[in-house]
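Some notes on the structure that comes next.
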Amino acid sequence: MAHLRSRRRHALLAAPIGLALTASLGFLPGTASAAAPGTGAKAAVTADGPLLSYVVNTGTDRATLAKVKKAVGQAGGTIVASYDRIGVIVAHSKNPAFGTTLRAVPGVQSAGATRTAPLKSAATTDYGKPEKLKLDKAGALAAARSAADGKEPLEGLQWDLGAIGADQAAKVNPGSKKVTVAVIDTGVDDTHPDLAPNFSASQSASCVTGKADTTPGAWRPNDPAEDYHGTHVAGTIAAARNGSGVAGVAPGVKVSGIRVSTPDKNSFFYAESVVCAFVFAADHGVSVTNNSYFVDPWMFNCPDNADQKAIADAVGRAAKYAEGKGIVNVASAGNSNFDLAAKEIADGGSPNDTTPQPRKIDPKQCLDVPAQLPGVVTVSATGVKSQKSFYSNYGLNAVDVAAPGGDSLQVPELPAKDGRILSTMPGGDWAYLQGTSMAGPHVAGVAALMKSAHPKSSPQEIQWLLKAQAKNPGCPTAAYDPDGTGKYKAACTGTQHVNSFYGFGIVDALAAVKN
């Protein structure tokens, strides 16, 4: 699958999870004539290449937009959507020279293909496959006991809620119905009994093609058996305390689904879909977005590559637009055990939609999008022992905060027994997963509680509160080698208060509603 913070995903699962879809597109004209940039001469436009999707980034004034839109057509392109307020145009073309041609047009700041594979019918971060919940007699009894003292039936299996004080926070302030967290992901099954009470259909859509589709149900998973990631994330954020199943970190807020993954077995998260999602969320009153994926097909987008530069530019503009509308954007750091502050990282999986071309990148220049975009809250994952999860990316000044993402190597006491994160699955099920995909929604839930308690606070103020209230375990005193094999060895740097494993620390839901 493509780019969940579960695998490329950057989350770790104990039950199936995955995602990223591609959009289906219309046909383009076979041949056209176009004026070569800066000349009045006509140049032949070929249409014998694969049908690809492009983002064209330009100025936002009417004259420039009009000129560039005209140039798109002259270069053999078809406009799918134009986000004029941020100067991003989504187009499709079979012209192999489309990107080069548009980059030469006055007013175009960057332009490039968003994929290396031809368009099909339209990435996350969990780690491993999900494991559906199976309660034996002892487990059922333990669940019943937890329900008897005012908790949800399966809450005894959710060690993660207690780890950040979310169980206690719910007694003080479960969150406001005026606050909505948008899950930008593989889709959300709003019929799940734990999600239905808090689901906001009016703030949900499919953005798979790069243009919002608000048809009822468009936000649901394309294939519930494979595209469970978004539903699992949504439950961690806002599963209702209604006597059914699990509880979310912010059980009183609203949750919406914006589907961006392509409808195929790989579930890719392409730039045009993510741009659409951020803009849709911003224009529909969302307070927080959760992004447990990286934008396909490049794990890192380098500025010296025209296509990758255009991807980072387009998604960056959309995320900044959302932030300007008051949204707190939360993203998972990834599941490759990379030090995002290292001088060099070996990226062996990009592009992931065709044939990977192994390369060495500088993470200070080549960004994991959206996690490393300015203004985005970047989240690493921890296990039940409050130690960095073995798979989690990290990095001094690259990670802002940490949260439970699960770790099969850190096992909790009874009744939980499973070190991964239990949450909702399509079709009314529940399953365990692990990954930074699971850590991100814990932070999104805490941010939603903060927005509920401080409704007038800006995204910057919420970010400051997340960091100020976090509790930092500090770097481990012994060498970090969780399974003793050296496979997941990592070096923690920094101080007790700010370090590479936890950023400013593990978020605190109880502090979020009390202070």
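Scanning the stretch 83-103 for residues that are over 20 Å from VAL45 (Cβ atoms), of a type outside the set (Phe, Trp, Tyr) and open to solvent by 10 Å² or more (accessible area, probe 1.4 Å) yields ASP84, ARG85, ILE86.
Residues in the stretch 401-457 that are hydrophobic (A, V, I, L, M, F, W, C), under 24 Å from ASP481 (Cβ atoms) and open to solvent by 20 Å² or more (accessible area, probe 1.4 Å): LEU409, VAL411. Among the residues of the stretch 234-266, those identified as hydroxyl-bearing (Ser, Thr, Tyr) and buried (at least 24 other Cβ atoms within 10 Å of the Cβ) are THR236, SER256, SER261, THR262. If you go through the stretch 322-369 and keep only what is more than 16 Å from GLY395 (Cβ to Cβ) and within 16 Å of the chain's Cα centre (by Cα), you end up with ALA322, GLU323, ILE327, VAL328, ASN329, VAL330. Taking the stretch 285-304 as the range and being open to solvent by 10 Å² or more (accessible area, probe 1.4 Å) and within 20 Å of GLY435 (Cβ to Cβ) as the test, the residues that pass are TRP298, MET299. Any residue that is in a loop (DSSP other than H, G, I, E, B) and either touching a Leu at 6+ places or on another chain (Cβ under 6 Å) or not aromatic (Phe, Trp, Tyr) (or both) - is there at least one of those in the stretch 461-468? No; the residues of the stretch 461-468 include none that is in a loop (DSSP other than H, G, I, E, B) and either touching a Leu at 6+ places or on another chain (Cβ under 6 Å) or not aromatic (Phe, Trp, Tyr) (or both).
For the stretch 177-197, residues that are assigned to a loop (DSSP other than H, G, I, E, B) and polar (S, T, N, Q) total 2.
Would it be correct to say that VAL72 is modelled with pLDDT of 50 or more and surrounded by 24 or more Cβ atoms within 10 Å (Cβ to Cβ)? Criteria met by VAL72. Taken over the stretch 420-448, the criterion of being part of a loop (DSSP other than H, G, I, E, B) and either basic (Lys, Arg) or closer than 23 Å to ALA250 by Cβ (or both) is satisfied by ARG420, PRO426, GLY428, GLY435.
The set of residues from the stretch 216-233 being charged (D, E, K, R) and either surrounded by fewer than 24 Cβ atoms within 10 Å (Cβ to Cβ) or not in a loop (DSSP other than H, G, I, E, B) (or both) comprises ARG220, ASP223, GLU226. Only one of the numbered conditions (1) touching a Leu at 6+ places or on another chain (Cβ under 7 Å); (2) of a type in the set (Gly, Ala, Ser); (3) farther than 28 Å from THR493 by Cβ is violated by SER292, and that is (3). Looking only at residues of the stretch 244-283 that are among the aromatic types (Phe, Trp, Tyr) and in a helix (DSSP H, G or I), we find that the one that is nearest to VAL513 (Cα to Cα) is PHE278. Considering the stretch 187-215, the residues that are open to solvent by less than 50 Å² (accessible area, probe 1.4 Å) and of a type in the set (Asp, Glu) include one that is farthest from ARG259 (Cα to Cα), namely ASP194.
The values are calculated or read from the model by the stated rules, or taken from the named source; none is laboratory data. For clarity, every value in this text was computed on a predicted model and none was experimentally measured. Counting neighbours? That spans all protein chains shown, and the Cβs are built from the backbone with ideal geometry, glycine included. Surface accessibility is based on the protein's heavy atoms, side chains included, excluding ligands, DNA and RNA. Shrake-Rupley method; radii C 1.70, N 1.55, O 1.52, S 1.80 Å.
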